[in-house]
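No lab work stands behind these numbers, since they all come straight from the coordinates. What you see is a predicted model; the values in this text were computed from it and never measured. Cβ sites come from the backbone with ideal geometry, for glycine too, and all protein chains shown count toward neighbours.
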Amino acid sequence: MARTPANTDTSTDIVEAAVQEPVRTKTVIIQRPAGNQDIGQFLGFNSVSGVFPFDKPVEMPADMVDYFRAQKVVETNPGPDGSPVFSYVNQFHIIDA
């Protein structure tokens, strides 16, 4: 009796490569935070990364824009009685160009 070696695929099916949809992009402006002297902000998302300049229109993948617009940080301020009051603010200020 002949044996077929393990991990040998004897099928002849041809599988077509998946067609990748084009990436939807948005033109946006990343606003410079007050007091920041840097030329831009390094951002990375999936396979896209780089330094995006402040205060200039840049083209970014729409998913990346949506993700970074949703990022929040906690800001603490004193309340009327001196106890801390916490509020959420945008981590990045990204506006449509």
**OP:** Work through the residues other than ARG32 whose Cβ is under 14 Å from its Cβ and net out their charges, Lys, Arg +1 and Asp, Glu -1.
**Re:** -1
**OP:** With only Lys, Arg, Asp and Glu charged, each at its Cβ (+1 for the first two, -1 for the last two), find how big the charge dipole of the stretch 18-67 is about the Cα centre; round to the nearest 20 debye.
**Re:** 100
Original post:
Separation between the ASN46 and VAL73 pseudo-spin-labels, each 7 Å from Cα along Cα→Cβ, expressed in nm?
Top reply: 2.6
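Using a cut-off of 12 Å between beta-carbons, work out the net charge of the residues near PHE92 (Lys and Arg +1, Asp and Glu -1, PHE92 not included).
Charge balance near PHE92 sits at +2.
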Original post:
Once you charge only the Cβ atoms, +1 for Lys and Arg and -1 for Asp and Glu, what is the size of the charge dipole of the stretch 25-96 about its Cα centre, to the nearest 20 debye?
Top reply: 80
Subject >> Along each principal axis, Cα extent of the stretch 25-96, largest first, Å >> reply: 46, 25, 20
